[in-house]
Each structure stands twice: as structure tokens, then as C-alpha cells.
Amino acid sequence: MRHIVIVFLGGLLVACGGTKVDQSTVLNPNNPKGVKGSVVKNKATMAEGSVMNAVDTTPKDIEALMTFLTSDDLQGRDTGSDGITKAADFIENIFSRNNIQPYFNSYKDTLENYSDGTAYNVVGFLPGTDFDLKNEYVIIGAHYDHIGIISGDDSDTIANGANDNASGTTAVIEFAKYFAQTKNNKRSIIFALFSAEEKGLLGSKHLADKLLTQNLDLYVMLNFEM
Ligand SMILES: [Zn+2]
């Protein structure tokens, strides 16, 4: 497990590092005012007559999640801010409505390695269906924090973080909804949304340390970044 955790932390480092958000200056009129780097509807995937199963992720699902997570109301989801708390509540609510259980005592798992305010990962759990394989775990994760308010010439100082990493957060939420409905996962799954990634990968480190002490039998970790 240690090997896999190190690989995934390394992956995060490569993917994110200290990069700032790369924002588009083109606003999509279909999305809320002030949301930079908004999602553009893909007409091809919305073609009439396409058959969708109940568990399929639709462009509408993605748009709704992305629109909320990147809205100005969330103030760029800076770690410890009121804005990121709204994001955490939102994710927790989706988990709860879809019968994803909290992995720990509650969905919000407070970081022990962050002292500038309160920060928490949001961690859900779906038991595996196979008698033996359910003891092995797959972690599907992404960081949901971003860099908050930035300075610049632009009057819009909110870094909405659509790419980094509302997109990854949305992917994890959709996987959670999918497996909660299909219940076809033989191994148990942990859905982890990390905070304080932009402060130095603190959320993922906190979870990795915690699961290591539990001696979790980790099969693989998939991290979604941009
Ligand atoms: Zn990132």
C-alpha cells in the first residue's frame, strides 16, 4: 500500500504543483455570470434520440455540478473559507442522498496537518459486493479546494477553478452516483475529495497517513486532476 500511496501523491505533485489556474476570458452565456473557464455544452453528446440508461452521466448532470462548484458564491474554494464549506456541504449532501456512507464517523474528516483555520476532506464509502474482495479497497479521489481570491488587473478576482479541480471533483461525484446505483463493485470503494491540495497536498497526505495506520488493504488509487 505504501508504494501505491507514494505513487499517487507523486502524481498529484506532478499534476498540480504550484501552478495557478489557467482561466479562459470567454464567458459562456449559458452559465452563471462571472464563471471563468465555464463548461461548454457538447452538442454531439446531446444529440436527439440518444439512449441513456438511468445510471448514465448526462451533460446536464455535469453542467449542474460544474456550475455550482465554480460559482462566484463559492469564492474560489480556498481552504478554510466559507466558500469551500459550501462545496463540502454540497458533496456531503449528494453522498447522503445516494446512500454513500461516511467512511469515518462523519463525511467531513478534519485535517490534522492544517492549522490556518479548519479544513476537511469529504470521504464517502461504498462496501464491495464480493465476500472476499470487499476487504480490498479502491480509492477514487480528487481535490476540491482551489486558490480562492487572487489579485490582478482584472476586476474579477475570484479564481473559480473549473479545471483545477471542479472537473476532477465532478468526476468523483459521478463515479460515486454510478456505483451507488449499480452496486456492481466487488471491491469496496472510498470516494475522497481532498482539501488543502493547493497548500501543499495536505488533504491527501492526511488521508494517506490515516489509512496507513488502519492498515487498509488498498488495491489501487485513482486520482482525477483536471
Ligand atoms: Zn489541482
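Rule-based calculations on the coordinates, nothing more; no lab input. Since the structure is predicted, the reported quantities are computational estimates derived from the model, not experimental observations. Counting neighbours? That spans all protein chains shown, and the Cβs are built from the backbone with ideal geometry, glycine included.
A few remarks follow.
- Lone unmet requirement of (1) closer than 22 Å to Gln181 by Cα; (2) in contact with a Gly (Cβ under 7 Å, 6 or more places away or on another chain); (3) assigned to a loop (DSSP other than H, G, I, E, B); (4) of a type outside the set (Lys, Arg) for Phe95: (3)
- Among residues of region 129-143, those that are exposed (fewer than 13 other Cβ atoms within 10 Å of the Cβ) and assigned to a helix (DSSP H, G or I), counted: 0
- No other residue among Leu193, Leu207, Leu202 is in contact with a helix residue (DSSP H, G or I) (Cβ under 6 Å, 6 or more places away or on another chain) and crowded, with 20+ Cβ neighbours inside 10 Å apart from Leu193.
- Filter result (acidic (Asp, Glu) and either free of Cβ contacts under 8 Å to residues at least 12 places away in the same chain or within 16 Å of the ligand (Cβ to nearest atom) (or both)) within region 167-207: Glu197, Glu198
- Any pair with Cβ under 8 angstrom, 6 or more apart, that starts in region 208-226 at a residue that is within 16 Å of the ligand (Cβ to nearest atom) and ends at one that is charged (D, E, K, R): Glu225/Asp164; Met226/Asp164
- First in region 139-166 and under 21 Å from Gly124 (Cβ atoms), second anywhere and in a loop (DSSP other than H, G, I, E, B) and aromatic (Phe, Trp, Tyr), Cβ under 8 Å, 6 or more apart: Ile140/Phe224; Gly141/Phe224; Ala142/Phe224; Asn165/Tyr144; Asn165/Phe224; Ala166/Tyr144
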